[in-house]
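Reviewing the structure listed below.
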Amino acid sequence: MSGAGTAPALRVSAAGVEIDGTRILTDVSFSAHAGEVVALIGPNGAGKSTLLSVVTGDQASTGSVEIAGRALGDWSLKELGRRRAVLLQQTGVFFPFTVREVVEMGRAPWQGTPRDLDDDRVVEESIELTEMTRFRDRAVPSLSGGERARASLARILAQETGILLLDEPTAALDLRHQEDVLRISRDRARAGDCVVVVLHDLSLAAAYADRIVLIDGGSVVADGPPDAVLTAPLLSHVYELPVEVMRHPVTGTAIVLPLRAAPDAVGAPAPTVSASVPPRETA
C-alpha cells in the first residue's frame, strides 16, 4: 500500500450533487493512492454510485476532483482513457459483438502509440484472467449476466490504466467469481494501481480493501482501515439493522452478519437499533 506523504492518484474535495432539487451528495471528500484498494460502502441510495460518477466526470458537482494532482476537467478524454478505466454498474451491449471484440475496445486509448503493438497479447491475457477464454468468440448478448460482467471486467483490464473505478463489479457474480474480481483488484493494487470499488458485501470489503469509505445520506460518516469502520454500533446505525461483526477463523478479517434470532426464538421480536448516532470515525 502507498505510504503516507505520497500524492494521491485521485482526490475528491467537498463534492456536492443536487438532482431535481434533491441533495444526493453533501461536502464529500476522500482520496485514493497508488497501491491501494478503497471500497465505497453504504446503504442503497447513500450516494456511492453518484460519487463514483463524480470521480469519472460523468456527473457534474460542486467541489473538485483531481487525477494525479491535476483537475479532472484539464484532462482530455483520450488522456483520461489512458489514466483511468471505468466499470459501470450497468453495461449494455446492443450489437452482436463477440467477447474478444468487446475486450479489444479497451485498447482504443492506445491506438497510434507504441503500446498498440501489445494489443493482441493484452487482450488474450485479460480474457484468460477473467476466465472468459471459452466464450471469446461468443456474442456478448447471448451470455448470462455474470458472463457479461466478466467480459466487461476483461475490457477495462485490457485498458491498462493506473486507476480502476469499479461500480458494484460483483453484483451479478457467483461466490467464486466475486472472490476472483476482488483478488484481481488486490493484485492490481499490489502492482501499483489505484482501485476504487463500490461494494455492498461488507465482508468482501473487509477482506480485500486497504481503506473503507462509509457513506450515508450523501455524506462520509467514516473513512479508515476496515477494522476502524466496520464496527457493530456504527453499521447497525447506518444500515438501520442490528449487525454483528465476527472474525474469520483463518484470516482474522471482519465478517459482517445481520443479528438474527436463534431458531428456537422464531417469532420473537427483532432486536432494535439504538437511536444514538455514533460519532464520525476516521483513521
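List of remarks:
- Using distinct alpha-carbon pairs, which all enter the 1/r mean, Kirkwood radius of region 54-117 in Å: 13.9 Å
- Three-way shape label, region 7-102, alpha-carbon gyration tensor, a/c 1.5: oblate
- When only alpha carbons are used to place a centre, region 59-92 and region 191-208 end up 19 Å from one another.
- Here region 92-246 yields Rg over Rh of 1.04, to two decimals, using C-alpha coordinates and the Kirkwood radius.
- Inverse mean reciprocal Cα-Cα distance (Kirkwood Rh) of region 22-171, Å: 16.6 Å
- Between Ile255 and Thr62, the distance separating the two model label sites (each 7 Å from Cα on the Cα→Cβ line) works out to 4.5 nm.
- Portion, in percent, of the accessible area of region 96-204 that falls on carbon or sulfur, probe 1.4 Å: 51 percent
- Cα gyration tensor, region 137-182 - rounded (a/c under 1.5), prolate or oblate: oblate
- Note on Arg115 and Asp74: with the Förster distance fixed at 25 Å, the Cβ-Cβ geometry gives a FRET efficiency of about 0.65.
- Listed peptides 249-260, 194-205 appear in the order 194-205, 249-260 once ranked by packing, highest mean of other Cβ atoms within 10 Å at the front.
- Mean separation of Cα contacts under 8 Å, 6 or more apart, over the residue count of region 165-252: relative contact order %: 19 percent
- The residues of the chain expose on average 49 square angstrom of accessible surface per residue, using a 1.4 Å probe on protein heavy atoms.
- Estimated 222 nm signal from helices in the chain, with DSSP H stretches of n ≥ 4 weighted -39500 (n - 2.57), rounded to 500: -8500 deg cm²/dmol
- Value of relative contact order over the chain, rounded to a whole percent, pairs C-alpha under 8 Å and six or more apart: 22 percent
- Antiparallel bridge percentage (DSSP; both residues within the chain; nearest 5): 55 percent
- Label selected from (i) 31; (ii) 9; (iii) 18, the criterion being percent of Cα pairs over 36 Å apart as computed here: (iii)
- Shape of region 119-208 from the C-alpha gyration tensor: oblate (a/c of 1.5 or more and a/b not above b/c, with a ≥ b ≥ c the square roots of its eigenvalues).
The values are calculated or read from the model by the stated rules, or taken from the named source; none is laboratory data. Because the structure is a prediction, the values reported are computed rather than measured. Positions of Cβ are generated from backbone atoms using ideal geometry, with glycine treated the same way; all protein chains shown enter the neighbour counts. Protein only, heavy atoms only, side chains kept; ligands, DNA and RNA dropped before computing areas. Shrake-Rupley method; radii C 1.70, N 1.55, O 1.52, S 1.80 Å.
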